[in-house]
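K.L.:
Have a look at the structure that comes next, please.
The values are calculated or read from the model by the stated rules, or taken from the named source; none is laboratory data. What you see is a predicted model, and the numbers here were worked out from it, not measured in a lab. Cβ placement follows ideal geometry from the backbone for every residue including glycine, while neighbour counts extend to all protein chains displayed.
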Amino acid sequence: MLRDNALARSPAENPIDVLLLHTLGAPDGELVIAPIEIGAQVWCMIALATERGATVDNLAPISTAASVAFTRLLRHANR
């Protein structure tokens, strides 16, 4: 996922994923991770708790917008 800059989703099956899912306020479901890339590297990620099979079509444009915003902030800070 990080190398491909692609959304990843999976059921929370291991203890760390289950803890993250619960921390995000969902007793069960899936974790969806969207990388935020700046330049050619992933700097951070958006983690989302969803119901199994729920649509996440709106997450890719959000992560792209976050990437653009972070890039602009970094350029402005380096001036």
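K.L.:
Kindly evaluate Ala6 against the criterion of being assigned to a loop (DSSP other than H, G, I, E, B), touching a residue at least 24 places away in the same chain (Cβ under 8 Å) and either touching a Pro at 6+ places or on another chain (Cβ under 8 Å) or acidic (Asp, Glu) (or both).
P.N.:
Judged against the criteria, Ala6 is a match.
K.L.:
Same structure again: If we keep just the residues of the stretch 65-79 that are in contact with a strand residue (DSSP E or B) (Cβ under 9 Å, 6 or more places away or on another chain) and polar (S, T, N, Q), which is farthest from Glu37 (Cα to Cα)?
P.N.:
Thr71
K.L.:
Scan the stretch 9-43 for residues that are within 25 Å of Phe70 (Cα to Cα), in contact (Cβ under 8 Å) with a residue 12 or more places away in the chain and either loosely packed, with under 14 Cβ neighbours inside 10 Å or polar (S, T, N, Q) (or both) and jot them down.
P.N.:
Gly39
K.L.:
I would also like to ask the following. If we keep just the residues of the stretch 44-66 that are more than 13 Å from Ala6 (Cα to Cα) and crowded, with 16+ Cβ neighbours inside 10 Å, which is modelled with the highest pLDDT?
P.N.:
Filtering first and then ranking leaves Ala66.
K.L.:
Can you go through Ala60, Ala49, Ala54 and tell me which one is of a type in the set (Gly, Ala, Ser), free of Cβ contacts under 8 Å to residues at least 60 places away in the same chain and assigned to a helix (DSSP H, G or I)?
P.N.:
Selected residue: Ala60, the only one of Ala60, Ala49, Ala54 that is of a type in the set (Gly, Ala, Ser), free of Cβ contacts under 8 Å to residues at least 60 places away in the same chain and assigned to a helix (DSSP H, G or I).
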